[in-house]
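Encoded as structure tokens, the structure appears first; notes follow it.
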């Protein structure tokens, strides 16, 4: 028997500020669906997700969620008024016996439940919102940019959780690797229309390009037909004759059809202009160390960065990536060691926190008020790479329309703020770019253009990012900061770093095993060396922790199920907890069996 959909939208129409966002939109989300929701910045992805969540009411059409189906929504800017701590917010709506789920999600997402809401950063608030959604475990999860402000370890944790869940989910993300790993269908918003493709994000760009090619072909045929019929109307038989009036009306209909077609949004006209060349050496660190109290950032780290290098800095949040960048740019001194900077450096900085943008200023004021962009005596012009340009014209190059020029920065979406910051950065000449999380909130087309610009840029790029795909496309070196002061330089991007790291670790394990084997053979010739591979050894070390976690979760679930009124008063919660208990008991048995096998193999 077929199961009912989790969510159904039928003939949805919605208008904001006189502009239609959707018209006659229909879609269905089935149980187990894993859907990527993609589209350009400003196309209405977040708005559609709010309609799906029931937070925005459409002008027309219907939203149907079957009785008993729960829908959870993680928004980009969660409201936490009335809650003292992030933990209070994340646990709201949960049974007191289920709050352990927030603790479990908090460990994976690295957020502190005790953090006061009043002092929490935007990233901490988003992680709390994500923990709340994961703890509630609804049948349908709606996730709007869940990987923003997560480090790579937390992204990997979230990937694992979403792979293992039985719930359906719809996912908005700019992270290609994340989307490719998780999705099996794609919803594409394009000029108010929503198309569905029964293939994950890995097939999206090929499908999109084919749709656009077909559209261009149809438009070309229509243009040719209009041109032909227009020539007939001028040169042919008089259109005033009654028998030709139908053909004239058909020509008018063709012209109306062509006029009604909405052209695709182009890509931003972004351009990076390199200033005068820097010296061959950009920065060199020799044996530098840095600590704040008991927290060690770096120990005896060395690197030489030359003109044209693309150096990525990766590692968990709070490990010290931004501190290292500041030291390499001469903005902060190491505790020990030496840093020397090259000559003629002209840096341009993209700030993750968007501190260069005043939320109360208009876009116009944000550009004309910048000392580096101000044109003396001209309130309507900005200096772009040494040349004056009208502020509205420059904003249009970054896909802002004239009406937005006087709007406040705080009214912009995350992607629009990122584009405005890029507009400020690209107006000046530079020969070294410092990019701290530049990919957050940018749509896929703009990311592609940014990557191409960085490829063609003559200067040096220092990049902090958690976007694995972007790192692979851009970086020529990767500095992995792993905590406790350890930082290692690897050639290439993220995938290259992972490969080299694994090879080095395996080589160390094999070398250690060989040395131990030699020592043992000298003392006890009959003793056999360990038969574990590097992966098996790592798994053996990890299994006790996994077993301990599963045992703790089982104990909490058993305690929760001991409530005699749970079955009669909360049958849905009872069933969910029972299913979770069985799942964890099976996982525990499998983990214990695996541990015994590996222990036996290790000898």
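Overview of values
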quantity	calculated
Hits in the stretch 471-483 - residues which are touching a strand residue (DSSP E or B) at 6+ places or on another chain (Cβ under 8 Å) and either outside the structural domain of residue 313 (by TED's automatic domain parsing) or not in a strand (DSSP E or B) (or both)	471, 474, 475, 476
Filter pass, residue 467 being more than 22 Å from residue 306 (Cα to Cα) and not assigned by TED's automatic domain parsing to the domain that holds residue 147	yes
Conditions (1) within 26 Å of the chain's Cα centre (by Cα); (2) surrounded by 19 or more Cβ atoms within 10 Å (Cβ to Cβ): number failed by residue 98	(1)
Hits in the stretch 419-444 - residues which are closer than 20 Å to residue 282 by Cα and within 19 Å of the chain's Cα centre (by Cα)	435, 436
Residue satisfying all of: in the stretch 174-193; in contact with a strand residue (DSSP E or B) (Cβ under 6 Å, 6 or more places away or on another chain) and assigned to a loop (DSSP other than H, G, I, E, B); nearest to residue 44 (Cα to Cα) among these	192
Within the stretch 142-168, considering residues that are surrounded by 23 or more Cβ atoms within 10 Å (Cβ to Cβ) and not in a loop (DSSP other than H, G, I, E, B), the one nearest to the chain's Cα centre (by Cα)	144
Residue satisfying condition, being over 28 Å from residue 444 (Cα atoms) and within 24 Å of the chain's Cα centre (by Cα), within set 107, 124, 81	107
Enumeration of residues in the stretch 4-28 that are buried (at least 22 other Cβ atoms within 10 Å of the Cβ) and farther than 19 Å from residue 192 by Cα	6, 7
The stretch 334-348, subset touching a helix residue (DSSP H, G or I) at 6+ places or on another chain (Cβ under 7 Å) and at pLDDT 90 or above, residue surrounded by the most Cβ atoms within 10 Å (Cβ to Cβ)	334
Pairs where the first residue, in the stretch 573-589, is over 19 Å from residue 99 (Cα atoms) and assigned by TED's automatic domain parsing to the domain that holds residue 558 and the second is in a helix (DSSP H, G or I) and at pLDDT 75 or above, C-beta under 8 Å, 6+ apart	585/554; 587/550; 588/547; 588/550; 588/551; 588/554
Residue in the stretch 474-490 that is modelled with pLDDT of 65 or more and exposed (fewer than 14 other Cβ atoms within 10 Å of the Cβ) present	yes
Residue check for residue 282: in contact with a strand residue (DSSP E or B) (Cβ under 6 Å, 6 or more places away or on another chain), outside any strand (DSSP E or B) and either at pLDDT below 95 or surrounded by fewer than 18 Cβ atoms within 10 Å (Cβ to Cβ) (or both)	no
For residue 327: the one exception among (1) surrounded by 17 or more Cβ atoms within 10 Å (Cβ to Cβ); (2) under 25 Å from residue 493 (Cα atoms); (3) touching a residue at least 60 places away in the same chain (Cβ under 8 Å)	(3)
Residues satisfying the stated conditions in the stretch 112-129, i.e. closer than 9 Å to residue 90 by Cβ and out of contact with any helix residue (DSSP H, G or I) (no Cβ under 6 Å at 6 or more places or on another chain)	129
Which listed residue is touching a helix residue (DSSP H, G or I) at 6+ places or on another chain (Cβ under 7 Å) and at negative phi, from 180, 184	180
Elements of type strands (runs of 3 or more DSSP E) contained in the stretch 370-463, each with 2 or more residues being outside the structural domain of residue 358 (by TED's automatic domain parsing) and more than 25 Å from residue 43 (Cβ to Cβ)	432-436
Strands (runs of 3 or more DSSP E) wholly inside the stretch 1-108 that include at least 3 residues being more than 30 Å from residue 124 (Cβ to Cβ) and either touching a strand residue (DSSP E or B) at 6+ places or on another chain (Cβ under 8 Å) or free of Cβ contacts under 8 Å to residues at least 40 places away in the same chain (or both)	7-16, 19-29, 60-64
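The values are calculated or read from the model by the stated rules, or taken from the named source; none is laboratory data. Note that this is a predicted model, so its numbers are computed, not measured. Positions of Cβ are generated from backbone atoms using ideal geometry, with glycine treated the same way; all protein chains shown enter the neighbour counts.
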